[in-house]
Every structure is written in C-alpha cells, then in structure tokens.
Amino acid sequence: MTDIVVHCPVPDRPVAGSRPVASRRVVPVGGGRLVLVDNGKPRAKELLRLLGDALAQRLDLAEVVLVSKASTAVPLSDDEAAGLAAAYDLVLTGLGDCGACSSGSVEDALAMESLGVPAVAVVSEPFQGLAAAVCRRMGFPGQHFVVVRHPVSTLDDKRLAALADDTVDSVVTQLAGSPTAG
C-alpha cells in the first residue's frame, strides 16, 4: 500500500518558540552573508540568483550562497533553519507560485525570522493572500514576502532579469527597512 501525504497550504501551528517576534532589521554594512533558499520551482533558482546579485551590490554583501531544498512544499526542518541562522545574516526564499510552495517558502522565511535573521519570501501575485494568511496564522501579521508577476516559470532570461530589477527595491525594504539601505 502506498502512503499519500497531503500538505495543507496554511499551517495549523505557530512558529517554534514561545512567541514569534520578527527579527530586527539590521543589515551588516559590508561583509553581510545572504542565503538564497531555492525550492526547486521552475526559474526560482535563476530569479533568486538575480536578486542575490543585486542585493550583494546594493547591500555590499561579502557572500551570497544558494541552497536548494529537497521539496517545494515541505518547509525547512528546525535543524536546517538553525544551521542557516547560524551561518547567514539575511535570507531570501522562493519561489511561491502555487499553494503548497508559497506556504512552504513563507514558512521558511518566518522560521528564520523567529531565529533572529531577517528573511523574505518571493511569492507570485495569485498567492499573496495565502502568503498573508500564513504570516497571520504563524503569528507574524506583518508582511514577510514580496510579490512578483505570475507566471515566472515561462519568462525568458530578459524578462526574468527585468522582473528581478523591478523587485529588488521591495526585497531591500523588507530585509533592511529601507530601499537604499547601506
């Protein structure tokens, strides 16, 4: 008999810890480390890399590293999140362009926030309501995601680069609190 695992896109549990608190928006001036958490959705890795390159220049980051998750729908484990929090100063997750992957990307960002690391998920337009519901349900009613046009998976390189250019100010604002941080 085969087991079927069903993922609910809106979590029924708060973030681990006594009370979720968003991390302070302090971006290290020169020398910060950013991790891009790729969930494997088509074009997610490319979009995250473009955003990471732009953030590296804008925030004078010393390091930008991409890690890939094993599943689009399953959030980072507590151990994975703790390891990333110990190694990096900022986190960008994505791409949320379906129900489960949007929920998982936002959950990843909120897990990092609960560990004191500023984090933002990238979610496409049709799933922004779900992303907001996940934030509220997990005790983070503020916005911890940026919204991009949908669909991303069909964009050619030129349009993907334009999307990243159009999005980077929102990512900086969410991560650092200022579009010109640094």
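Within segment 110-128, one or more residues are surrounded by fewer than 17 Cβ atoms within 10 Å (Cβ to Cβ) and more than 20 Å from residue 44 (Cβ to Cβ).
Being assigned to a loop (DSSP other than H, G, I, E, B), under 20 Å from residue 152 (Cα atoms) and over 12 Å from the mean Cα position of the chain (by Cα), is that true of even one residue in segment 111-132? Break it down into steps so the answer makes sense when it comes.
Start the filter on segment 111-132 by keeping residues that are assigned to a loop (DSSP other than H, G, I, E, B), which leaves 115-118.
With the extra rule that they be under 20 Å from residue 152 (Cα atoms), the set shrinks to none.
Within segment 111-132, not a single residue is assigned to a loop (DSSP other than H, G, I, E, B), under 20 Å from residue 152 (Cα atoms) and over 12 Å from the mean Cα position of the chain (by Cα).
If we scan segment 95-108, do we find a residue that is among the charged types (D, E, K, R), out of contact with any strand residue (DSSP E or B) (no Cβ under 7 Å at 6 or more places or on another chain), surrounded by 20 or more Cβ atoms within 10 Å (Cβ to Cβ) and in contact (Cβ under 8 Å) with a residue 12 or more places away in the chain?
First, pick out the residues of segment 95-108 that are among the charged types (D, E, K, R): 97, 107-108.
Among the residues that remain, those that are also out of contact with any strand residue (DSSP E or B) (no Cβ under 7 Å at 6 or more places or on another chain) are: 107.
From the residues that got through so far, the ones that are surrounded by 20 or more Cβ atoms within 10 Å (Cβ to Cβ) too are 107.
Now narrow it down to the ones that are in contact (Cβ under 8 Å) with a residue 12 or more places away in the chain: 107.
Yes - at least one qualifying residue is present in segment 95-108.
Could you check segment 42-62 and list, in sequence order, the residues that are of a type in the set (D, E, K, R) and either surrounded by fewer than 16 Cβ atoms within 10 Å (Cβ to Cβ) or modelled with pLDDT of 95 or more (or both)? Give the derivation first.
To start, the set of residues in segment 42-62 that are of a type in the set (D, E, K, R) comprises 43, 45-46, 49, 53, 58, 60.
Correct list: 43, 45, 46, 49, 53, 60.
Checked against the criterion of being buried (at least 17 other Cβ atoms within 10 Å of the Cβ) and at pLDDT below 95, the candidates 172, 152 yield just one match: 172.
Tell me, please, whether a residue that is assigned to a helix (DSSP H, G or I), more than 17 Å from residue 49 (Cβ to Cβ), in contact with a strand residue (DSSP E or B) (Cβ under 9 Å, 6 or more places away or on another chain) and of a type in the set (S, T, N, Q) can be found in segment 171-182. Taking every residue of segment 171-182 in turn, at least one turns out to be assigned to a helix (DSSP H, G or I), more than 17 Å from residue 49 (Cβ to Cβ), in contact with a strand residue (DSSP E or B) (Cβ under 9 Å, 6 or more places away or on another chain) and of a type in the set (S, T, N, Q).
The values are calculated or read from the model by the stated rules, or taken from the named source; none is laboratory data. Fair warning: this is a prediction, and the values are worked out from it, not measured in the lab. Here the Cβ is made from the backbone with ideal geometry for all residues, glycine too, and neighbour counts use every protein chain on show.
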